[in-house]
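*Asks:* Take a look at this one; I'll ask things after.
The values are calculated or read from the model by the stated rules, or taken from the named source; none is laboratory data. None of the values given here were measured: they were computed from a predicted structure. Please note: Cβ atoms are built from the backbone with ideal geometry, for glycine as well, and neighbour counts cover all protein chains shown.
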2 protein chains.
Amino acid sequence: MIKIIKGNIVFTPTPDKFTVLPHGHILVSDGKVKGVYQELPREYRNLAITDYGDRLIIPGMNDLHCHASQFKHVGMAMDKELIPWLENYTFPEEAKFQDTKYAEKIYQNFIKEIWKQGTTRIVVFATVHKESTMRLLDMFINSGLGAYVGKVNMDNNCPDYIRENSADSLKDTEDIIIKYQNKSPLVKPIITPRFAPSCSEWLLAELGKLGQKFGIPVQSHLSENKNEVKWVQKLFPDADYYGDVYRQYDLFGATPTLMAHCSLSSEEEMKLMKENNVLAVHCPTSNLNVGSGLMPIRRFMDRGIKLGLGSDLSGGHLPSLMKVMVYAIQTSKIFWANSEKQMDFLTNSEAFFIATKGGGSFFGKVGSFEAGYDFDALIIDDEELNYLDYTLEERLERFIYLGDDRHILHRYVSGNLIKKPDF
Amino acid sequence: MIKIIKGNIVFTPTPDKFTVLPHGHILVSDGKVKGVYQELPREYRNLAITDYGDRLIIPGMNDLHCHASQFKHVGMAMDKELIPWLENYTFPEEAKFQDTKYAEKIYQNFIKEIWKQGTTRIVVFATVHKESTMRLLDMFINSGLGAYVGKVNMDNNCPDYIRENSADSLKDTEDIIIKYQNKSPLVKPIITPRFAPSCSEWLLAELGKLGQKFGIPVQSHLSENKNEVKWVQKLFPDADYYGDVYRQYDLFGATPTLMAHCSLSSEEEMKLMKENNVLAVHCPTSNLNVGSGLMPIRRFMDRGIKLGLGSDLSGGHLPSLMKVMVYAIQTSKIFWANSEKQMDFLTNSEAFFIATKGGGSFFGKVGSFEAGYDFDALIIDDEELNYLDYTLEERLERFIYLGDDRHILHRYVSGNLIKKPDF
């Protein structure tokens, strides 16, 4: 049960710098890292080594926000505004997932794509449909990747053809939880009110109770754009701010919670996120594409709020977390420039930390090669990009900025080599 | 000498919309488009057809600003600030181009990369070195791609080890012009003061005279970031604004001129650009990476200023103009959001127009399939991305947002199929 993996190891136990072991060793036991060694300790020298030579070994990528059901629309309709985009593209598309055959086709392509791009764990929105959502859970289990899968709850403020009956919405969610809560160590259900306006207060309250009853985590959207924030204030006049709506219904940290976007979070909202250990998911590609607010990620870091990155397909167009990292750095530089360099931009190691150990924390001990962490890893063959004298850190940076799936040789999740899904 | 190319033709004679001919025909005669036809006219029906089936046929990409000599550093040192980046990376790297063998190695990789990414015409900065610059000109001639290549002029405000003697700078530039001005129809020299501060007033004046004497175009940088703009004001107190420095020395439209960045151009500067037909090159990836100002491209469009896109390697990290287009759209959405939707964002067809016909105008009749235009084209095999019912415009958009070199089947320049350079 012990494996030794050798290669150029790069990871980020802390955000401030990379830990680099040229031709180092990772000892993996029962799927978990037992230790990382420049020189292999004497007692392990008889064990077989998987030697990846000059290749890079980095933690797998954790995508904390993604709409699996919007995969058909990735990279298109980008010059439509949000409301026409939802009405003409997103909602009609999601309605098709009533048909489990259609859902299977899209979800197969989706899982193959995220596998290809080096995402080893992901948190996704499915649709309101119970059967299709269960197919997606089963497909993730078969894939070997790690996932939280959310059946979307939506009984309010949406077209009739996709609106749920409130009681059914709750019942379907509970059925899925009961069936899948303990089915797989890597693939689990997550409670997923689409966002505050799309659920009745009754449903929000019941979902909060359900989460606590079963100890199920929660995901939703928060403070993404101005009109949305104003609308929430109007719909929930008793709430002090947007996040306070979720808090009122025990959906804001009562169980592990992540909130996508948080671009316009107020000081109080950030304070509550910190207090309640709510993880903020930064989705910079989506924020740019949709033209909503940009998230001032440095403010969240300064306040010690947990952070992860999200591809937010199909508002975001790029399934690769490497590329989302680049956008996170770039958008942080807008704040840097606009603040006359007072608000520091993200360094490479900070962005990498957020994509790996930051986001990984939602899945347990995931996203690092420290002892006790699940061995989730990517083996990077960057020979094509590495034709001159680059350092290991420069090689990693060039892979992040310039590389693609062709440079990902292998993917590991919890110590298992994950093959391309054969759907 | 007549070729007929058939496939799904998409191009932009005007920015407002795509012209789409499903399974249409392009008649190419002597490297130029003679006409585009949905149904082939009777008189051509006996000619052989190159039928690309269900593939897309689009104009080639024109990259109007790029530092070929910085190719080693593409996608790295991205968390260094501008001055340390210049001092520790760019200038020491450029100094190596004194060695023509080193230059050849980098330029070979560079040309192969831009070929791969579908750039069919490009305007590049080389370095101050005459011999290396001539090698680059020769290599472009051999490649079959179109290029303007600039020997950089720099006799001021730079480290001694890369500073030119002023008279030599002028003499080397003139030598290159004489040797290459009429050597190739596709590859030409361009006058290239690095930017106003890097040239003495004597050299700027002489370069202006040289440009007019031989009718040679000009490229440089303009109004990229705040400190640079302030510095230029201090160095050239008699100039009304940055662009006025170039104007004083006949380097701002006396011959065809392009200026990279223009992020912070004032109203007067934009007015002079319009009057003098100076083309503004938008480099959004670079602007984000360097953390300099973002260019409000809509303002330039509203004023009828000519526009092109630039990869600006290695300030920009992406050699693909498709991806630069995406960033141009995304950064325009920041202005759209910040202006409460008063400043329209770039539509797909507008961005495509700028990357093709807009930038192409610097090379002559290039970047469209209208009659009389050089037949520069890319054949796009997007089957992998096109597994559902997408329209041709959606397919093009998905290729732009999600595609890469794997989806570019063929490249044509002036009617010739361009093979991968065999350096």
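*Asks:* Tell me whether the stretch A:228-236 contains one or more residues that are in contact (Cβ under 8 Å) with a residue 12 or more places away in the chain and either under 23 Å from the mean Cα position of the chain (by Cα) or closer than 30 Å to A:S320 by Cβ (or both).
*Replies:* For the stretch A:228-236, residues in contact (Cβ under 8 Å) with a residue 12 or more places away in the chain and either under 23 Å from the mean Cα position of the chain (by Cα) or closer than 30 Å to A:S320 by Cβ (or both): present.
*Asks:* Right, another one. Quickly run through the stretch B:1-29 and pick out the residues that are aliphatic (A, V, I, L, M) and assigned to a loop (DSSP other than H, G, I, E, B).
*Replies:* Once the filter is applied, which keeps residues that are aliphatic (A, V, I, L, M) and assigned to a loop (DSSP other than H, G, I, E, B), the stretch B:1-29 yields only B:M1.
*Asks:* Sticking with this one: If I filter the stretch B:143-165 for residues that are of a type in the set (K, R) and surrounded by 21 or more Cβ atoms within 10 Å (Cβ to Cβ), do I get at least one hit?
*Replies:* yes
*Asks:* If you check B:L145 against the conditions, is it more than 29 Å from B:G360 (Cβ to Cβ), in the same structural domain as B:P256 (by TED's automatic domain parsing) and in contact with a Leu (Cβ under 8 Å, 6 or more places away or on another chain)?
*Replies:* no
*Asks:* Continuing with this model, one more query. Just give me the residues in the stretch A:187-205 being over 21 Å from A:N62 (Cβ atoms) and either surrounded by fewer than 18 Cβ atoms within 10 Å (Cβ to Cβ) or in contact (Cβ under 8 Å) with a residue 40 or more places away in the chain (or both), in sequence order.
*Replies:* Once the filter is applied, which keeps residues that are over 21 Å from A:N62 (Cβ atoms) and either surrounded by fewer than 18 Cβ atoms within 10 Å (Cβ to Cβ) or in contact (Cβ under 8 Å) with a residue 40 or more places away in the chain (or both), the stretch A:187-205 yields A:P193, A:R194, A:A196, A:P197, A:S198, A:C199, A:S200, A:E201, A:W202, A:L203, A:L204, A:A205.
*Asks:* Here's something else I'd like to know. A:F71 passes all but one of (1) part of a helix (DSSP H, G or I); (2) assigned by TED's automatic domain parsing to the domain that holds A:Y387; which number fails?
*Replies:* Of (1) part of a helix (DSSP H, G or I); (2) assigned by TED's automatic domain parsing to the domain that holds A:Y387, only one is false for A:F71: (2).
*Asks:* Are any of the residues in the stretch B:415-423 within 14 Å of chain A (Cβ to nearest Cβ), of a type outside the set (D, E, K, R) and either touching a residue at least 40 places away in the same chain (Cβ under 8 Å) or farther than 24 Å from B:V28 by Cβ (or both)?
*Replies:* Scanning the stretch B:415-423, I find at least one residue that is within 14 Å of chain A (Cβ to nearest Cβ), of a type outside the set (D, E, K, R) and either touching a residue at least 40 places away in the same chain (Cβ under 8 Å) or farther than 24 Å from B:V28 by Cβ (or both), so the answer is yes.
*Asks:* Moving on to the next point. Given the condition in the same structural domain as A:G75 (by TED's automatic domain parsing) and over 17 Å from the mean Cα position of the chain (by Cα), answer yes or no: does some residue in the stretch A:109-124 qualify?
*Replies:* Yes: one or more hits.
*Asks:* Would you list the helices (runs of 4 or more DSSP H) that sit entirely within the stretch B:252-359 and hold 1 or more residues that are at the interface with chain A (Cβ under 10 Å from one of its Cβ atoms)?
*Replies:* The helices (runs of 4 or more DSSP H) meeting that bar are B:284-290, B:321-338, B:348-353.
Okay, residues lined up against (1) closer than 22 Å to A:Y161 by Cβ; (2) modelled with pLDDT of 95 or more; (3) not charged (D, E, K, R):
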position	(1), (2), (3)
A:P185	no, yes, yes
A:I190	no, yes, yes
A:R194	yes, yes, no
A:E201	no, yes, no
A:K209	no, yes, no
A:F214	no, yes, yes
A:P217	no, yes, yes
A:S223	no, yes, yes
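*Asks:* Still on this model: Return yes when A:T356 is buried (at least 24 other Cβ atoms within 10 Å of the Cβ), of a type in the set (S, T, Y) and not assigned by TED's automatic domain parsing to the domain that holds A:S29 and no when it is not.
*Replies:* Yes.
*Asks:* Hey, does the stretch B:363-384 have a residue that's within 13 Å of chain A (Cβ to nearest Cβ) and either surrounded by 24 or more Cβ atoms within 10 Å (Cβ to Cβ) or assigned to a helix (DSSP H, G or I) (or both)?
*Replies:* Checked against the condition, which is being within 13 Å of chain A (Cβ to nearest Cβ) and either surrounded by 24 or more Cβ atoms within 10 Å (Cβ to Cβ) or assigned to a helix (DSSP H, G or I) (or both), the stretch B:363-384 yields at least one hit.
*Asks:* Out of all the residues in the stretch A:400-414, which are hydrophobic (A, V, I, L, M, F, W, C) and within 8 Å of another protein chain (Cβ to nearest Cβ)?
*Replies:* Passing the criteria: A:I400, A:L402.
*Asks:* Among the residues of the stretch A:402-413, count how many are outside any strand (DSSP E or B) and buried (at least 22 other Cβ atoms within 10 Å of the Cβ).
*Replies:* 2
*Asks:* Please find, within the stretch A:237-261, the residue that is nearest to the chain's Cα centre (by Cα) out of those that are hydroxyl-bearing (S, T, Y) and within 16 Å of A:R194 (Cα to Cα).
*Replies:* Only one residue fits best here, namely A:T257.
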